[in-house]
Each structure stands twice: as C-alpha cells, then as structure tokens.
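The values are calculated or read from the model by the stated rules, or taken from the named source; none is laboratory data. Quick caveat: nothing in here was measured; it's all calculated off a predicted structure. Using ideal geometry, Cβ is built from the backbone for each residue, glycine included, and neighbour counts are taken over all protein chains shown.
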Amino acid sequence: MKVFETPIDPEEVGKLRVGDAFYITGIIFTARDAAHEKLLGLDDSQVPFDPSKYAMFHCGPAIHKVDGEWQVVSAGPTTSIRMEIFEDEFIERFGTRVIIGKGGMGDRTLKALEKHGAVYAQYTGGAGALMANAIEAVEDVYFLDELGIPEAFWMFRVNKAGPFLVTMDSSGNSIHADVAKKVQKNLEQLKKEL
Amino acid sequence: MRHNSLENRLVDAIRRAVTGVTPETEQRLRAAVDTESSDAPKVQLNAILENIDVGTSESRPICQDTGTPTFFIQAGSDFPRLGELRDTITRAVRRATKEVPLRPNAVDPISHENSNDNTGRHVPVIHWDIIDGDAATIHVIPKGGGSENMSKLVMMTPGRGLKGVKEIVLEHVAAMEGKACPPTIIGLGLGGGSDLALELAKKALLRPVGQRHPEPQVAEMEEELLEKINRLGVGPMGVGGATTVMDVKIEYAHRHPASFPVGIVPQCWANRQTTVHVDPDGKAEVTQ
C-alpha cells in the first residue's frame, strides 16, 4: 500500500481517488472545531506552523504526561461533519490538502477539495490504539492552555499511520453521498418486504 | 482487605473492558471480513481488528472515548456488601481513570465543568436488579458517546404493531449511516414505559453477540431484523458493504394499552464488556 511522506507532493494527492487507501509517515496535526476557528481568526504572521505541509487529522486525543513527556494513550478520529462550516475556508487559506476524519463531510468541503486538488480520507472510527501505536513522538502542541487537550493543535510525528481510506476526492466523488443514496433505495425496498 | 480486593478486581475489570472487545464480538468481526466483496469495507474491518490486537496486547484503550462508566448489577438481597457497593464502584472508577488511564467523560450539564475523574451526579451509572441469594454479578459496560448519541425513543402508535417496530428500526439504522461506528449491535427495548424501553434496550446489549433470545418468536424477529438491516448496505464505518450490524438484541416488557414505547440503543463495534462475580465473602473474579 502507498506510504506518503510529509510534505506530500500535491500532484500525488491530486491523483488519489475514492477507494484508494494510504499511510502517512511524517507529521500529522490534529484540529477540531475550536482549532479551526482559532487559526482562521489569526493574522498570517501569528500562525505558528505551516498547515499546507502536513496532513490534518480531526481528532481529540487521550493524552497524558509521563515524566514530563507527552504520551498518547489513544487517538481515533472525531466526527468530521462538525468542521464543515470551517473546512472550505481553511483549505482555501492554509492550503491543507489531506484531511483525515470519520463520517465524511458535505458539499462545501467537496467543492473545496475539487478546487484545490485535495482529498478527504476516513480513518476507522474508534481505532485509537492503532494510531497511538504509529505515533513516535509529540513534536509540539499549540494553544494548549487556551483550547484544552482535545481541541489543541497536536503535532504528531507518525510512522506508517493509517490506513486512511479516500472517501472524497478532487474529482467530486464522495463515497458517503453514494452510500447514502443506495441505502435510501434499499430501505424503500426492505420496507415493502415487511 | 476483602473490600480492597473487590475494588482491585473492579479496576481490573474496567481495564480489561476498555482494552478489548468481547470474544464473540471479535469472532464476528473476523468472520465479517470474508463476507465483504469490495476493498473499502475490508480496509475498515482489518483496521478494527488490528486496533483490537494493539489494544489487547499493549493494554491500551482501543478507543480514545473510554465511555461513560456503566454497570448492570444483579445482587442477592443477602449479599453482605450491598450497601457499600456503589461507593466501591465509584472508587474503582476514580482509580481506573488514573491508572488505565481513561478519558475523563463526566461533565456537569449545568456548569459545563468536567469532574476529571469520571464520577459525578448519578455517575458511574448503575442499574440494579435485586434477586434472591447472597452473591453479586457486576456487568461492566463502558458506553461510548458516538453510539449513545444515536439512541432513540419512539412512542409508537400501538396499531402499527411489530411491522411498525421493524420499520422504525430499519429507518433509524439507515439514518445512523456511519455515525455510531458500525458494524454496531442494536439493542431494542419494546414496551414498558418510556424509561423502561430505553433501559431494556441497553440491557439487551449484555447478551453475547450471536446468542438469540430464549423465546422463539422474539429470536425470529431478531434474526429477521439482523438480515434486513445488513441488506441496507451501510457497511463498516458507513463506507458501504454487507456488515452494518453484528447483531440485534430484543428485550421486552408489558406495555400500557395506549402506548408502545420502542427504545433503540446502538453499541459501536467497540463492544467493551467484562463481568465481575462476587462471592458473599467478597472474593471476586473477572470474566469476559
């Protein structure tokens, strides 16, 4: 399976299509609702890292300090649709091209993925131990005091983190939208059989 | 000393619960891989299985949401430690929060403050059944927020009958999409009042995956729903596929003639459960 190293070549990201699975080695940063809102509210000069170089992970980790060092206990994905109201603007402004979460996102994000050659990939919900195992180090954390543990930007150095399954691509495809349509059709049929 | 021993076993039971899934759940997930014909659901199931291996072998919580500490207790009325059981469980939850560790998941709804130790008003959540005898069985079922958010109560018009129940369940599981982290287990509580329907739905989840209700008509309905839900095609983590649910569990109570409460409580694939058996002398054993 494909293993990308960050910063991921934008051309490679643009080639990814729904159904492709990949792993990441390098840096992944976490961002939930409050983190999106925080970064979008800052001037460029105040942004503490370059979000275009790394993959974004919708995640609020279980993490604690052991002998002064941060240790990740478990780090699965959080529900991505909460970030729908921020994501198109975030992609537009900061150039992040790989977004990882669970449950999929909506039309606004899908359009932004198309415009900027980006992808949304699903990491398996609840698979927090597997991700924690792939995290080699906590490189940095930003706005921890202000945002708290789950909402802060955690910069994780990872080795073969994944698998990440592309469920929304830069050609306008969305597995989430396709499955929802199929399920509704199946539901109508199944109700007739009752 | 004996008392401490029970507290220790409870901490152990919580640790074992959050670092793995029940054996029947793992078997069912393994079997599901072969029933999927496309790659996307296989990727999700294999990641789930690999995640369970990591959690169990490293004694690491399989999911960062270590749930609301929830306990179902069958205690004999002559169990000598009945009066102190709630305090013992509360102390065990506090210790487990530090020692496992668990994510602090108890928030005051009025002040929004997190207690930071997984205890608080009515938490840990304890459901009591007082039975004959002098021993106690404590079921530990930490319940994740994602699947709990997909719980539902419908006060159905009784005239819709069991067909109405099946429609409600199918419609709801379709609407859940990938949100409750499928493949899920659906707990279904029929009848009672509104409170009992939801309690029975959650209690139904205690029955091991694959085990049918002892009454043939109820067992048949469980099987019919299992088969039909899996034809919806939601699939593992909502990416499409043959395994949307691992099982459907029904419990029921008599109802008021004018009411037909239907309670639905889904459990995510991370079906984390252990059981502690306690002797009258306080000797405790953890099983899965």
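Quick one: B:Asp108 ticks every box in (1) in contact with a Leu (Cβ under 7 Å, 6 or more places away or on another chain); (2) without any contact (Cβ under 8 Å) to a residue 24 or more places away in the chain bar one, so which box is it? Of the numbered conditions (1) in contact with a Leu (Cβ under 7 Å, 6 or more places away or on another chain); (2) without any contact (Cβ under 8 Å) to a residue 24 or more places away in the chain, the odd one out for B:Asp108 is (1). Residue count for the stretch A:111-132 under the criterion of being under 28 Å from B:Pro183 (Cα atoms) and either surrounded by fewer than 24 Cβ atoms within 10 Å (Cβ to Cβ) or among the basic types (Lys, Arg) (or both): the result is 0. Within the option set A:Gly104, A:Gly60, A:Gly76, being touching a His at 6+ places or on another chain (Cβ under 9 Å), within 14 Å of another protein chain (Cβ to nearest Cβ) and under 28 Å from B:Gly144 (Cα atoms) holds for one residue only, A:Gly104. Taking (1) surrounded by fewer than 20 Cβ atoms within 10 Å (Cβ to Cβ); (2) in contact with a strand residue (DSSP E or B) (Cβ under 9 Å, 6 or more places away or on another chain) in turn, A:Gly60 satisfies each apart from (1).
When the stretch B:15-57 is filtered for residues that are touching a strand residue (DSSP E or B) at 6+ places or on another chain (Cβ under 6 Å) and not small (Gly, Ala, Ser), the ones remaining, listed by number, are B:Arg16, B:Arg28, B:Val43. Residue-level check: of (1) surrounded by fewer than 17 Cβ atoms within 10 Å (Cβ to Cβ); (2) within 14 Å of another protein chain (Cβ to nearest Cβ); (3) within 30 Å of A:Thr78 (Cα to Cα); (4) modelled with pLDDT of 95 or more, B:Val169 misses just (1).
Under the condition of being exposed (fewer than 15 other Cβ atoms within 10 Å of the Cβ) and under 22 Å from the mean Cα position of the chain (by Cα), the residues counted in the stretch A:161-194 number 3.
Out of contact with any strand residue (DSSP E or B) (no Cβ under 6 Å at 6 or more places or on another chain), in contact (Cβ under 8 Å) with a residue 24 or more places away in the chain, within 14 Å of chain A (Cβ to nearest Cβ) and surrounded by fewer than 21 Cβ atoms within 10 Å (Cβ to Cβ), is that true of B:Ala270? So B:Ala270 fails the test. Counting the residues of the stretch A:150-160 that are buried (at least 19 other Cβ atoms within 10 Å of the Cβ), among the hydrophobic types (A, V, I, L, M, F, W, C) and either farther than 14 Å from A:Ala134 by Cα or out of contact with any helix residue (DSSP H, G or I) (no Cβ under 7 Å at 6 or more places or on another chain) (or both) gives 4. Contact map, the stretch B:115-128: residues that are of a type in the set (Lys, Arg) paired with residues that are crowded, with 17+ Cβ neighbours inside 10 Å, Cβ distance under 9 Å, separation 6+ or inter-chain. Pairs shown: B:Arg121/B:Ala106. Among all positions in the stretch A:136-147, there is at least one residue which is surrounded by fewer than 24 Cβ atoms within 10 Å (Cβ to Cβ) and without any contact (Cβ under 8 Å) to a residue 12 or more places away in the chain. Of the residues making up the stretch A:79-101, those that are within 14 Å of chain B (Cβ to nearest Cβ) and aliphatic (A, V, I, L, M) are A:Ile81, A:Ile100.
Scanning the stretch B:193-241 for residues that are touching a Gly at 6+ places or on another chain (Cβ under 6 Å), more than 10 Å from chain A (Cβ to nearest Cβ) and in a helix (DSSP H, G or I) yields B:Ala197, B:Leu198, B:Leu200, B:Ala201, B:Lys202, B:Ala204.
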